1. Taking strands (runs of 3 or more DSSP E) that fall entirely within the stretch 106-191, which contain at least 3 residues that are out of contact with any Pro (no Cβ under 7 Å at 6 or more places or on another chain)?
2. Of all the residues that make up the stretch 75-85, how many are touching a Lys or Arg at 6+ places or on another chain (Cβ under 9 Å), in a helix (DSSP H, G or I) and exposed (fewer than 15 other Cβ atoms within 10 Å of the Cβ)?
3. Does Ala89 satisfy being touching a residue at least 24 places away in the same chain (Cβ under 8 Å) and assigned to a loop (DSSP other than H, G, I, E, B)?
4. Determine if the stretch 4-17 includes at least one residue that is free of Cβ contacts under 8 Å to residues at least 40 places away in the same chain, in contact with a strand residue (DSSP E or B) (Cβ under 8 Å, 6 or more places away or on another chain), among the basic types (Lys, Arg) and open to solvent by 30 Å² or more (accessible area, probe 1.4 Å).
5. Name the single residue that is nearest to the chain's Cα centre (by Cα) among those in the stretch 164-187 being open to solvent by less than 50 Å² (accessible area, probe 1.4 Å) and not hydrophobic (A, V, I, L, M, F, W, C).
6. How many residues are open to solvent by less than 60 Å² (accessible area, probe 1.4 Å) and under 14 Å from Glu173 (Cβ atoms) if we restrict to the stretch 56-70?
7. So, Arg53, is that one open to solvent by less than 90 Å² (accessible area, probe 1.4 Å) and basic (Lys, Arg) or not?
8. If a residue has to be over 24 Å from Ile134 (Cβ atoms), assigned to a loop (DSSP other than H, G, I, E, B) and touching a residue at least 60 places away in the same chain (Cβ under 8 Å) to count, how many in the stretch 34-65 make the cut?
Amino acid sequence: FALIWSAREQRLFGLNASGPAPEGLTAVLLREKGHQTMPVLGALAVTVPGSLRGWEAALQRFGTMGLDSLLARPIDYAQHGFPVSQVIARAWQHSSEKMAVHADSRRVWLPGGRAPKPAERFRNPEFAAALKTIAAEGVEPFYQGRIGAQIVDCVQAAGGVLTLADLANFQVEWVEPLRVDYKNGFSFYEI
């Protein structure tokens, strides 16, 4: 979700880039798999990733830079690493058990079999490669190409139902933000 103020138009825009549930995720399927409620963890909880399409839409409408420029620093951090802060190291350690469940997750997020400690440098060259592809080719490799295929394969191997069609069909929505007037001339906005 994003609230974007356009100084040129003197207007607030709402962007809903939250991805929906995959088309194949139905109440019937969940019940068949033994769930009485929607799972909050695991492959069945995976929704269509929408952020990247949202960034693309915001850049097309309001941006002054391209993805190649905007992704330069994240690519550098992913490729060469960054020192992990104490807060992040603590959260990472707290989530280690969940990250250890799947082999790829364990391999990427638990280098050497454990969460990075404070001040240790964490690198993610595979993420850097994906970001380089997006910077060079745009979002299509993610939503209709090899990056999306890898995501779908991983989710389906873990028991999820996300498909390439779910990725390819996803579109963001420009919405009118909700407005609630408050005292002293203040207003609150939400999507």
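The values are calculated or read from the model by the stated rules, or taken from the named source; none is laboratory data. Source: prediction; values computed, not measured. When we count neighbours, we look across all protein chains shown, and the Cβ atoms used for this are built from the backbone with ideal geometry, even at glycine. These area figures cover heavy atoms from the full protein model, side chains too; ligands, DNA and RNA do not enter into them. Shrake-Rupley method; radii C 1.70, N 1.55, O 1.52, S 1.80 Å.
1. Hits in the stretch 106-191: 173-175, 178-181.
2. Residues in the stretch 75-85 being touching a Lys or Arg at 6+ places or on another chain (Cβ under 9 Å), in a helix (DSSP H, G or I) and exposed (fewer than 15 other Cβ atoms within 10 Å of the Cβ): 1 in total.
3. When the stated conditions are applied, Ala89 does not pass them.
4. At the first step, the residues of the stretch 4-17 found to be free of Cβ contacts under 8 Å to residues at least 40 places away in the same chain are 5, 7-11.
Keeping just the survivors that are in contact with a strand residue (DSSP E or B) (Cβ under 8 Å, 6 or more places away or on another chain) gives 5, 11.
In the following step, the residues that additionally are among the basic types (Lys, Arg) were identified as 11.
Okay, now just the ones that are also open to solvent by 30 Å² or more (accessible area, probe 1.4 Å), so 11.
Yes, the stretch 4-17 has at least one match.
5. Across the stretch 164-187, the extreme among qualifying residues is Asp166.
6. Qualifying residue count for the region: 3.
7. yes
8. Total meeting the criteria: 1.
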